[in-house]
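The values are calculated or read from the model by the stated rules, or taken from the named source; none is laboratory data. In this text the structure is predicted, and so the values were computed from the model without any measurement. We place every Cβ from the backbone using ideal geometry, glycine too, and count neighbours over all the protein chains shown. Calculation scope for accessible area: heavy atoms of the full protein, side chains included, ligands and nucleic acids excluded. Shrake-Rupley method; radii C 1.70, N 1.55, O 1.52, S 1.80 Å.
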Amino acid sequence: MKRLVIVVLAVLLGSAPGISQAISVSQTVDRTEMRFEDTAVYQITISWDGPPTKYRFEKALRLSTDKLKVSSFSSTVHSSGEGADEVSAKIIEYRLAPTGSGVGSVEPLAIEYTEWPDTTVGTLMTDAVTLTIAPPVPVKPEGAGGFPVWIWVVGLVVVLALGAGLVFWQRSRPKPPPPKTPAQAFLDDLADVKKEAGSDLKQFQTGLYKILAVFISVLYRIDINGRSTDAILADLEKADLSREGKDMLSDWLRRAEREKYVPVNAPPGETIRLESEIRSFVQKHF
């Protein structure tokens, strides 16, 4: 009933003598269908002949809506031309956000104005506008459907980066040297013993006894801890080794045991000769 009274009043005022007809209103909406997550732009344009100060709009222009709400509002006034050709316009823009799905509507709006300077009062009416609003996109509750896609993408990128980094690190780091054979380890120890002993045959034989006993133990799994030379060599006789090999190892071990305790008068260069003999035999037979 109230809306009918406003419409009738607007018609009467618009047709009354003395009231200017050089003012009009129009409205537009940028869409007729919208997603629930979007906003629509609803614009009211009031146009008149004359300068911007010719009309005043003192009452607030509040929209009445259904399933829509005003999320933002702006108003501007501009003019073009000069003198008798000047035309002005007031543009009111509303951004409308859905509050429900289905058919949303904007009710007709009564716009009261006052013409200046003779204070003539008038009313303009906009038309009703409807929009179709889609239902909101369902949101999966956390934990119900796993992780969002972007988390899987980020996780995959991280895993690939770590994998590439690991491959690069493994390829770039220096490779460890292959493990030494018992013969290689013995010959390295023999070089150290010779270097430390120099021409001192007693010191050389002391070191040689230790590393030669270890060499025999590793090769033939003979226990040497706390055992005599005779006991070690008795087990060596049972080993899978040539007669020549057994004799050479036995001779070197017995001589080393004897000469590490009893000083001997060895010819010059005996340490070098003995070390060379042992090295050559081991390299050839082991």
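General remarks:
- Residue match in region 265-285 (condition: touching a Gly at 6+ places or on another chain (Cβ under 8 Å) and over 16 Å from K194 (Cα atoms)): yes
- Some residue of region 158-171 being within 30 Å of P268 (Cβ to Cβ) and not in a loop (DSSP other than H, G, I, E, B): no
- Near pairs, Cβ below 6 angstrom, 6+ apart or cross-chain, from region 43-57 (of a type in the set (A, V, I, L, M)) to any residue that is at pLDDT 90 or above and assigned to a strand (DSSP E or B): I44/Q27; I44/I92; I46/V25; I46/K90
- Flag if S74 is touching a strand residue (DSSP E or B) at 6+ places or on another chain (Cβ under 6 Å), open to solvent by 40 Å² or more (accessible area, probe 1.4 Å) and among the hydroxyl-bearing types (S, T, Y): yes
- Residues that are more than 12 Å from E115 (Cβ to Cβ) and open to solvent by 80 Å² or more (accessible area, probe 1.4 Å) were ranked within region 49-66; the one that is modelled with the highest pLDDT is R62.
- Members of region 95-152 that are at pLDDT below 85 and polar (S, T, N, Q): T119, T120
- Residue selection: E244 fails the criterion of being in a helix (DSSP H, G or I), under 19 Å from D189 (Cα atoms) and charged (D, E, K, R).
- Evaluated against (1) in contact (Cβ under 8 Å) with a residue 12 or more places away in the chain; (2) hydrophobic (A, V, I, L, M, F, W, C); (3) over 21 Å from I133 (Cβ atoms), A84 falls short on exactly one condition, (1).
- Residue match in region 232-249 (condition: open to solvent by 50 Å² or more (accessible area, probe 1.4 Å), at pLDDT 90 or above, touching a helix residue (DSSP H, G or I) at 6+ places or on another chain (Cβ under 9 Å) and of a type in the set (S, T, Y)): yes
- Qualifying residues in region 181-207 (those that are open to solvent by 60 Å² or more (accessible area, probe 1.4 Å) and under 57 Å from the mean Cα position of the chain (by Cα)) - the one farthest from A256 (Cα to Cα): T181
- Enumeration of residues in region 252-278 that are farther than 17 Å from K210 by Cβ and not polar (S, T, N, Q): V262, P263, V264, A266, P267, P268, G269, E270, I272, R273, E277
- Whenever a residue of region 104-119 is over 16 Å from W48 (Cβ atoms) and among the hydroxyl-bearing types (S, T, Y), its partners that are open to solvent by less than 40 Å² (accessible area, probe 1.4 Å) and at pLDDT 85 or above, lying with C-beta atoms within less than 8 angstrom and at least six residues away or across chains, give the pairs S105/L68; S105/V129; S105/L131.
- Number of residues in region 25-48 that are more than 26 Å from V139 (Cα to Cα) and crowded, with 16+ Cβ neighbours inside 10 Å equals 7.
- Selection within region 208-227 - modelled with pLDDT of 90 or more and over 60 Å from the mean Cα position of the chain (by Cα): L208, Y209, R227
- Residue, modelled with the highest pLDDT, within region 1-24, restricted to residues that are open to solvent by less than 50 Å² (accessible area, probe 1.4 Å) and not in a loop (DSSP other than H, G, I, E, B): I23
- Complete set of residues in region 74-108 that are among the charged types (D, E, K, R), assigned to a strand (DSSP E or B) and farther than 16 Å from A40 by Cα: K90
- Complete set of residues in region 250-286 that are part of a loop (DSSP other than H, G, I, E, B), surrounded by fewer than 13 Cβ atoms within 10 Å (Cβ to Cβ) and either at pLDDT 90 or above or not aliphatic (A, V, I, L, M) (or both): Y261, P263, N265, P267, P268, G269
- Qualifying residue in region 52-67 (condition: part of a strand (DSSP E or B) and within 53 Å of the chain's Cα centre (by Cα)): yes
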